[in-house]
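The structure under discussion appears below in the form of structure tokens.
The values are calculated or read from the model by the stated rules, or taken from the named source; none is laboratory data. Computed from a predicted model, the values in this text were never measured in an experiment. Heads up, the Cβs are rebuilt from the backbone with ideal geometry, glycines too, and the neighbour counts pull from every protein chain shown. Just the protein is used for accessible areas: all its heavy atoms, side chains included, with ligands, DNA and RNA removed. Shrake-Rupley method; radii C 1.70, N 1.55, O 1.52, S 1.80 Å.
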Amino acid sequence: MYSEILSSYNLIIICSIIIIISFFFGEISKRTGVPSVLLLIVLGILLQFVLDFFNIYNLDFFPVLEMLGIVGLIMIVLEAALELKLDRDKIKPITSAFLVALIGLLGSAFLTVKVLMHFIPTLTTMQAWMYATPLSILSSAIIIPSVSNLRADKKEFHIYESTFSDIMGIMLFYFITAQLKSKSLAIAHHKQYSFSSGVVEYSINIFITILLSIIFSYIIVLVFQKLQSQVKLFLLIALLMLLYAIGKQMHLSSLLIILSFGLVIANTELFFRGKLKRLIDVNKVHSIYHSLHDITMETSFVVRTFFFVIFGITLTFASLANIDVVVISLILLAIIYIVRFILLRIFIGKDIIPQLFIAPRGLITILLFYAIPKEHQADDFDNGILLFIIIGTSIIMTISMIFNKKRASKAINKANSVEIKTDSWNAPGLD
């Protein structure tokens with residue numbers, strides 16, 4: 001039965017239809033403000049019912065979901081980095097976005113830790129931080145494709161903020177897991193564990209990663225501008241993925257490699273100055289940049305499509321009926337938006353709509369939850385909290401985007417009516 005329904009040709013048909021539907025979801029999102037990612041999750045939930053109808057159970061989607069998540073993460077960060085232009089007039093918005101992302105991440109995580117430890121007393125402090133961090137990270141996978149219709153400065157802010165949140169959140173998560181591992185090893189060998197030495201070690205790790213990232217980025221740009229082959233773009237992506245995977249195996253913050261390369265190739269005039277400028281052919285580098293930008297956008301679209309559809313297929317809703325899950329989740333949602341409101345008022349000012357409500361959790365939150373080591377997982381933590389937060393933040397964002405779109409339409413109509421009245425007053429009279 002499985003082999004007949006899930007035959008090679010049927011899988012090709014299913015995957016093709018999903019991509020076509022995802023394209024139309026993107027168009028619907030542009031017109032209505034409903035994030036396409038939310039529609040993809042709903043599609044996944046519907047497919048879950050289809051699989052149940054055909055009595056197809058026990059399919060292990062986790063390996064596929066994990067691989068799609070990692071590839072999607074690389075593509076999304078690369079896509080975002082290619083959008084970041086480091087001009088002097090961008091220093092202020094970049095700084096503001098960085099501070100909002102950093103303080104928002106740490107502030108939300110800190111308060112989330114307090115809530116989790118209050119409701120789940122069996123959690124240790126480090127365990128609580130490990131669960132709180134993914135819940136505090138913005139989802140660039142949802143934000144970047146959803147803000148395309150916003151005003152240019154607001155769109156730019158969200159690209160900067162979500163990218164910084166992704167990278168810093170991942171670095172914080174792996175710092176915590178590294179400390180838990182170090183503590184476990186110290187206890188096993190009857191040694192003294194030192195948190196401060198762990199901080200120093202991880203700081204050195206980040207410094208080495210940044211240094212290697214910049215060196216690799218320069219080398220890649222210099223080498224690839226000289227390649228004559230017409231199929232070098234996927235070679236370039238494969239090389240970046242290889243460096244990312246090797247970096248992860250060496251316990252480096254290898255997402256910085258992807259970010260650094262994207263920044264270097266998107267801002268060649270800034271990174272190749274003086275004598276270094278002679279080493280590059282600006283036209284060839286710009287050609288690589290534009291081609292890479294297109295292929296990254298297309299790849300991100302496909303990976304994001306299948307990731308969120310498969311995530312929708314794997315969802316279970318039974319825990320949402322648990323009153324404790326609902327209470328904890330509502331408190332955490334309140335924390336997210338209260339912290340965000342305070343930070344936006346401080347760093348942005350009064351014009352914080354719809355930015356205040358654009359704080360979805362998504363791909364990286366899911367990916368990091370799956371990355372929690374089994375030996376440090378808490379039996380008392382209900383994954384329904386994760387589901388509630390992801391769906392809750394996505395729905396709140398959807399409502400705010402729809403409201404913002406209607407508000408913008410009213411403003412345009414009002415401006416047009418004023419212009420028409422002005423024209424009629426200025427029109428010459430009939431004698």
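Every residue, every condition in (1) assigned to a helix (DSSP H, G or I); (2) under 23 Å from Tyr370 (Cβ atoms); (3) open to solvent by less than 10 Å² (accessible area, probe 1.4 Å); (4) of a type outside the set (Lys, Arg), yes or no:
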residue: Tyr160; (1), (2), (3), (4): yes, no, yes, yes
residue: Asp166; (1), (2), (3), (4): yes, yes, yes, yes
residue: Leu172; (1), (2), (3), (4): yes, yes, no, yes
residue: Ile176; (1), (2), (3), (4): yes, yes, yes, yes
residue: Ile187; (1), (2), (3), (4): yes, no, no, yes
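Please go through region 357-381 and give me each residue that is open to solvent by 20 Å² or more (accessible area, probe 1.4 Å) and modelled with pLDDT of 90 or more, ordered by number.
Phe357
Only one of Ile288, Ile258, Ile265, Ile280 is within 13 Å of Ile74 (Cα to Cα) and in contact (Cβ under 8 Å) with a residue 40 or more places away in the chain. Can you tell me which? Outline the logic, then answer.
Values: Ile288 fails: within 13 Å of Ile74 (Cα to Cα); Ile265 fails: within 13 Å of Ile74 (Cα to Cα); Ile280 fails: within 13 Å of Ile74 (Cα to Cα).
Just a single option satisfies the conditions, and that option is Ile258.
Based on what the data block shows, is Phe54 under 23 Å from Gly392 (Cα atoms) and either touching a Ser or Thr at 6+ places or on another chain (Cβ under 9 Å) or of a type outside the set (Ser, Thr, Tyr) (or both)? It would help to see each step written out before you state the result.
Working: under 23 Å from Gly392 (Cα atoms): no; either touching a Ser or Thr at 6+ places or on another chain (Cβ under 9 Å) or of a type outside the set (Ser, Thr, Tyr) (or both): yes.
Judged against the criteria, Phe54 is not a match.
So which helices (runs of 4 or more DSSP H) stay within region 1-105 end to end and still have 1 or more residues that are buried (at least 18 other Cβ atoms within 10 Å of the Cβ) and either in contact with a strand residue (DSSP E or B) (Cβ under 6 Å, 6 or more places away or on another chain) or at pLDDT below 90 (or both)? Write out each step before concluding.
Working: elements: 2-5, 8-32, 36-53, 62-83.
The qualifying helices (runs of 4 or more DSSP H) are 8-32, 36-53, 62-83.
Specify which of the listed residues (Leu243, Leu252) is outside any helix (DSSP H, G or I), open to solvent by less than 60 Å² (accessible area, probe 1.4 Å) and not small (Gly, Ala, Ser). Even if it seems obvious, please write down each step before you answer.
Details: Leu243 fails: outside any helix (DSSP H, G or I).
Checking each option against the conditions leaves just Leu252.
Using beta carbons and a limit of 7 Å, which pairs, at least six apart or on different chains, have the first residue in region 27-38 and touching a residue at least 60 places away in the same chain (Cβ under 8 Å) and among the hydroxyl-bearing types (Ser, Thr, Tyr) and the second one open to solvent by 30 Å² or more (accessible area, probe 1.4 Å) and assigned to a helix (DSSP H, G or I)?
Once the first residue is touching a residue at least 60 places away in the same chain (Cβ under 8 Å) and among the hydroxyl-bearing types (Ser, Thr, Tyr) and sits in region 27-38, its partners that are open to solvent by 30 Å² or more (accessible area, probe 1.4 Å) and assigned to a helix (DSSP H, G or I) give Thr32/Ile402; Ser36/Phe25; Ser36/Pro145.
Can you find a residue in region 373-387 that is over 16 Å from the mean Cα position of the chain (by Cα) and within 28 Å of Arg31 (Cβ to Cβ)?
Narrowing region 373-387 to residues over 16 Å from the mean Cα position of the chain (by Cα): 373-385, 387.
Applying the additional criterion that residues be within 28 Å of Arg31 (Cβ to Cβ) yields 387.
Checked region 373-387: at least one residue is over 16 Å from the mean Cα position of the chain (by Cα) and within 28 Å of Arg31 (Cβ to Cβ).
If we keep just the residues of region 108-129 that are part of a loop (DSSP other than H, G, I, E, B) and either without any contact (Cβ under 8 Å) to a residue 12 or more places away in the chain or in contact with a helix residue (DSSP H, G or I) (Cβ under 7 Å, 6 or more places away or on another chain) (or both), which is most open to solvent (accessible area, probe 1.4 Å)? Break it down stepwise before answering.
Initially, region 108-129 is screened for residues part of a loop (DSSP other than H, G, I, E, B), giving 120-124.
Add one more test, that the residue is either without any contact (Cβ under 8 Å) to a residue 12 or more places away in the chain or in contact with a helix residue (DSSP H, G or I) (Cβ under 7 Å, 6 or more places away or on another chain) (or both), and what stays is 121, 123-124.
On the way: Pro121: 104, Leu123: 8, Thr124: 69 Å².
Among those residues, the one meeting the criterion is Pro121.
Within region 282-293, take every residue that is surrounded by 12 or more Cβ atoms within 10 Å (Cβ to Cβ) and not β-branched (Val, Ile, Thr) and give me the one that is nearest to Arg361 (Cα to Cα). If you could, list the steps in order and put the result at the bottom.
First, pick out the residues of region 282-293 that are surrounded by 12 or more Cβ atoms within 10 Å (Cβ to Cβ): 282, 284-289, 291-293.
Retained after the next criterion (residues that are not β-branched (Val, Ile, Thr)): 284, 286-287, 289, 291-293.
Details: Lys284: 38, His286: 33, Ser287: 34, Tyr289: 29, Ser291: 30, Leu292: 27, His293: 25 Å.
Residue satisfying both the conditions and the ranking: His293.
Would you please name the residue that is least open to solvent (accessible area, probe 1.4 Å), looking only at residues in region 304-323 that are at pLDDT below 90 and not hydrophobic (A, V, I, L, M, F, W, C)?
For region 304-323, the residue satisfying everything is Gly312.
Given the condition surrounded by fewer than 19 Cβ atoms within 10 Å (Cβ to Cβ), touching a helix residue (DSSP H, G or I) at 6+ places or on another chain (Cβ under 8 Å), at pLDDT 85 or above and not aliphatic (A, V, I, L, M), answer yes or no: does some residue in region 401-410 qualify?
No - not one qualifying residue is present in region 401-410.
Checking the structure you have, find out if any residue of region 143-156 is out of contact with any strand residue (DSSP E or B) (no Cβ under 7 Å at 6 or more places or on another chain), buried (at least 24 other Cβ atoms within 10 Å of the Cβ), within 18 Å of Phe341 (Cα to Cα) and not polar (S, T, N, Q).
yes
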